[in-house]
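S.K.: One structure, pasted below without further comment.
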Amino acid sequence: MSNTGNIQKTDAETGFSGHFDKVGNDLPGDSTITQMRQDAIAQFNEKGLPTRQLENWRYTDLRFILKDAFAPLERAGSVTAAKLDEALGALGDIEASRLVFVDGYFSAELSADFSTMKNVEAMPLSRALSGETFSKVMKQAQPDLDDSIVALNTAFMADGAALHIEGDVEKPIHLVFVSSGEQQGLVTLHNHISVAKSAKVTLLESYIGLGQYGVQVNSLTNLGIAEGAEVNHIKYQAENLETTHLSTLNLKLDDKAIYHEHQFNIGAALSRHQHFVVFDGERAEFDMSGATLMRGTQHCDATLLVDHKLPEGRSREMVKCVLDDTARAVVQAKVIVRPHAQLTDGHQMMQSMMLSEHCEFDAKPELEIYADDVICGHGATSGQIDEDLLFYLKSRGLPDIEARGLLIQAFVGEAIEKIENEEIRDALTGLAQNWLAS
Amino acid sequence: MLEIKKLHATVGGKEILKGMNLTIPKGEVHAIMGPNGAGKSTLSYLIAGKPGYDITKGEILWDGQDLTAMTPDQRAAAGVFLAFQYPMEVPGVATMTFLRTAINSQRKARGEEPMKTPDFIKLINAKAEIMGVSKDMLRRPLNVGFSGGEKKRMEILQMVLLEPGLCLLDETDSGLDIDALKTVSDGVNSLRSPERSMLVITHYQRLLDYIVPDKVHVLSDGKIIKSGDKNLALELEKNGYADIVNAA
Ligand SMILES: Nc1ncnc2c1ncn2[C@@H]1O[C@H](COP(=O)(O)OP(=O)(O)OP(=O)(O)O)[C@@H](O)[C@H]1O
Ligand SMILES: [Mg+2]
């Protein structure tokens, strides 16, 4: 898959290497981590940014889009609690325990006190990395993924959430990643989350951007869910329009582990959400649904690789995209069912609502099945707002923009309505309804 | 007062209304009957402002205002309400959210404050009970999976909640069982007032036993060809349209 041998390096590619030469030694971690970083940057230097020849990067030309590599931000800008709440909007009112990172740095001041919390161990990664035991765990959890974005993340990772969930956690844990927007720069986040046997937790993960400057966010989450444990994960991405958001979820599911994810994407100039999901246990469940609302020249890419290694797994991917102006959404999901994974039940659905003639929707569901007794299916549709419904709503007094807002909310509703936490569900429903008018 | 003057209108390039005149003073209920395809629903869509229905000549005035210059939501705020012949299913839109948005949109257009949540809930519960709309229906997405009769009740519930000045009912009686016909008619009658005009489109005289009209008109081939009092409906029920259509 090495394919960059003859290609001239882009400014961004040389930029990342140069930044690592400068700051690589100052990044947190013991010798194990330092070695990981060096291996990762070597891998990146060899491969470069992904080219469109790569199957999973076919519709997002990162080499072209990423003009420059920003230098890692050296310190956190100032974000007050009031500012943060305002930026979080409806999600700021959610009853939750927050872990807040400003410009990629942990903020104790804005975060809740986790020390007394039941069934949760929480620590900023920057601190965890200096512990010897943790770095060994990290190394082990590190995905063996041939992926340049992951390599860059390993090389530059500076902070993030290190969480261990031991039992049922009552309140949602809210991971907040906020950019002050005071200057442009690189923010590399790494979350390491382990969920013990039979534990249950709701994770809310928000990315928001203040100010005028954009950042390059590279965020990786290593999430391991042990036997019978359950994670409800809501990801909200509303960064400013100068921002590039590259994120990776590396998920391992043990026997009967349950993972439900709901994404809500409205921000950033470019966002890429890649998922690497491995069914390492039997009868596990992966259910991801996404609402993506893009306009202007925004580009959002959700690319998933779901690997059913063991029997009786269930996987669902459903992404709903609302596109206006010249926005573009890419949804690719590849589901592999290995010979052992009998009785796998997999389904993918990708749908778009096109509000303009100039937007683009690229949907690519893919199945690779090596077992004979499975139920798998996929579908993709693309449509417009139904004019008859629009008239029906308007005839009751709803102005055009509100009627459209309601129909947009109705369209993405399926991706939100299964969120267990009512406050979060209502907040996102409201955001969808008001998106067009905002 | 609703005034329709020499109205010509086309749909998909085809002329459907061909010089129609109709005046409904405030406080009056008029019924329109007529053969299938005569243009009855077209007339109601033209008043409500459905896109794709083009007026080539003539006027539609409500309270002296030119409705044709307004968007559908402006017409609604001015008091126009159409109970659809085929109410739409709107998956994903919660009925309560829709009702509240509709009420508050119209209040806003009139420069009024939005209705407070407890007041709204109280109002809905009271009116829904009268209209025989169950709690379960209110919890579902708007009209989704409702039976034909349930959809019609929901239409009239909306009308009762929005208290429009001009009520247009397009075959509200079709699909209703005998009890529902009574409930729905009671709902409509509760809105009869010296301040309101109503237009009831129907094929059946029976509805007019419940909602007794001041005038009955026969619409055929895009024109009113005969008008009379409520006895005209009885006559039509007995003899059909043939004689009147041939005489016109
Ligand atoms: N979009 C359209 N394109 C072409 N013709 C149309 C369209 N919509 C309606 N028509 C035609 O206009 C005529 C009037 O239709 P309309 O629905 O107003 O009749 P109606 O009097 O309400 O009939 P019914 O009693 O069956 O409800 C019919 O001939 C119908 O086929
Ligand atoms: Mg009709």
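Throughout, read-outs are computed from the coordinates displayed, never taken from laboratory work. Quantities reported herein were computed from a predicted structural model and do not represent experimental measurements. Quick reminder, even Gly has a Cβ in these numbers, built from the backbone with ideal geometry, and neighbours come from all protein chains shown.
S.K.: Magnitude of the Cβ-charge dipole of the range B:1-51, K/R +1 and D/E -1, about the Cα centre, nearest 20 debye?
M.R.: My answer is approximately 100 debye.
S.K.: Then there is this: So if I average 1/r over every pair of distinct C-alpha atoms in chain A and take the inverse, what Kirkwood radius in Å does that give?
M.R.: Result for chain A, one decimal place: 22.1 Å.
S.K.: Enter the Cα centre distance for the pair the range A:371-438 and the range A:248-269, rounded to the nearest angstrom.
M.R.: A separation of 21 Å, based on Cα centres.
S.K.: Can you give the convex hull volume of the alpha carbon atoms of the range A:387-438 per residue, in Å³?
M.R.: Convex hull volume per residue, Cα atoms: 75 Å³.
S.K.: Which one of A:Gly92, A:Ala12, A:Leu27 has its Cα pushed farthest toward the positive end of the charge dipole of the range A:9-165, where Lys and Arg give +1 and Asp and Glu give -1 at the Cβ?
M.R.: Value: A:Ala12.
S.K.: Could you line up B:Met96, A:Met138 from fewest to most neighbouring Cβ atoms inside 10 Å?
M.R.: Least to most surrounded, the residues fall as B:Met96, A:Met138.
S.K.: With only alpha-carbon pairs counted, each pair once and no self-pairs, how large is the Kirkwood hydrodynamic radius of the range B:133-201 in angstroms?
M.R.: About 12.5 Å, per the Kirkwood formula over Cα pairs.
S.K.: 5 Å is the cut-off here: which amide hydrogens, built 1.01 Å from N in the peptide plane, fall below it relative to A:Ser179, excluding neighbours closer than 5 in sequence?
M.R.: Those lying under 5 Å, H to H, from A:Ser179 are A:Asp103, A:Ile208, A:Gly209, A:Leu210.
S.K.: Pull up the DSSP beta bridges for the protein assembly as shown and report the antiparallel fraction as a percent, rounded to 5.
M.R.: Looking only at bridges with both residues in the protein assembly as shown, the antiparallel portion is about 15 percent.
S.K.: Could you work out Rg/(2.2 N^0.38 Å) for the range B:2-247, with Rg from alpha carbons only?
M.R.: Dividing the Cα Rg of the range B:2-247 by 2.2 N^0.38 Å gives 1.00.
S.K.: Let's see if you can work this out: charge +1 on each Lys and Arg Cβ, -1 on each Asp and Glu Cβ, no other charges. What is the dipole magnitude of the range A:295-376 about its Cα centre, in debye to the nearest 20?
M.R.: Magnitude of the dipole: close to 180 debye.
S.K.: So what's the net charge close to A:Lys67: Lys and Arg +1, Asp and Glu -1, counting the other residues with Cβ under 13 Å from its Cβ?
M.R.: Counting the neighbours of A:Lys67, the net charge comes to -4.
S.K.: Another one. Work out how much length B:Asp243 to B:Ala69 would gain on full extension: take 0.36 nm times their residue separation and subtract the Cα-Cα distance, in nm to one decimal.
M.R.: Between B:Asp243 and B:Ala69, full extension yields an extra 58.8 nm.
S.K.: How charged is the neighbourhood of A:Asn250? Take every other residue with its Cβ under 14 Å from the Cβ of A:Asn250, and add Lys/Arg as +1 and Asp/Glu as -1.
M.R.: It works out to a net charge of -4.
S.K.: For B:His203 and A:Asp388, what does the FRET efficiency come to when R0 = 30 Å and r is the distance between their Cβ atoms, rounded to the nearest 0.05?
M.R.: In this case the efficiency is close to 0.85.
S.K.: Follow-up question, since we're still on this one. What is the distance in Å between the Cα centroid of the range B:87-163 and that of the range A:61-97?
M.R.: 40 Å
S.K.: Still on this structure: What full-extension length gain, to one decimal in nm, is calculated for B:Ile130 and B:Thr10 as 0.36 nm per residue of separation minus the Cα-Cα distance?
M.R.: 39.3 nm
S.K.: Enumerate the amide H contacts of A:Thr303 below 5 Å, restricted to partners 5 or more residues apart or on another chain; note that Pro and chain-start residues carry no placed amide H.
M.R.: Those qualifying (amide H under 5 Å, at least 5 residues apart or on another chain) are A:His273, A:Gln274, A:His275, A:Gln332.
S.K.: Classify the range A:1-91: rounded, prolate or oblate, from the alpha-carbon gyration tensor (a ≥ b ≥ c, eigenvalue square roots; a/c under 1.5 rounded; otherwise prolate if a/b is larger than b/c)?
M.R.: Judged from the Cα gyration tensor, the range A:1-91 comes out oblate (a/c at least 1.5, b/c at or above a/b).
S.K.: About its Cα centre, what dipole magnitude does chain B give when the only charges are +1 on Lys and Arg Cβ and -1 on Asp and Glu Cβ, stated in debye to the nearest 20?
M.R.: Charge dipole of chain B: 380 debye, to the nearest 20.
S.K.: Going by C-beta contacts inside 10 Å, put A:Ser179, B:Ser147, B:Ser105 in order with the fewest on the left.
M.R.: B:Ser147, B:Ser105, A:Ser179
S.K.: Hey, another quick one. For a 27 Å ceiling on Cα separation, which of these pairs sit above it: A:Lys139/A:Lys309; B:Lys26/B:Lys57; A:Lys139/A:Lys320; B:Lys14/B:Lys230?
M.R.: A:Lys139/A:Lys320; B:Lys14/B:Lys230
S.K.: On to the next question. Given N residues in the range A:112-177, what is Rg(Cα) / (2.2 N^0.38 Å)?
M.R.: After normalising by residue count via 2.2 N^0.38 Å, the value is 1.27.
S.K.: Quick one: which residues, 5 or more positions from B:Ile224 or on another chain, have an amide H under 5 Å from its amide H? H modelled 1.01 Å from N in the peptide plane, none for Pro or chain starts.
M.R.: For B:Ile224, the qualifying residues are B:Asn21.
S.K.: From the phi of every residue in the range A:238-248, what ³J(HN,Hα) in whole Hz does the Karplus formula 6.51 cos²θ - 1.76 cosθ + 1.60 yield, where θ is phi - 60° and glycine or proline is x?
M.R.: 9, 6, 6, 6, 9, 8, 10, 10, 10, 9, 9
S.K.: Related question: Among B:Pro72, B:Leu7, A:Ser356, which residue has its Cα positioned farthest towards the positive end of the charge dipole of the protein assembly as shown, with +1 placed on the Cβ of Lys and Arg, -1 on the Cβ of Asp and Glu, and the dipole taken about the Cα centre?
M.R.: Checking the options against the dipole of the protein assembly as shown, the answer is B:Leu7.
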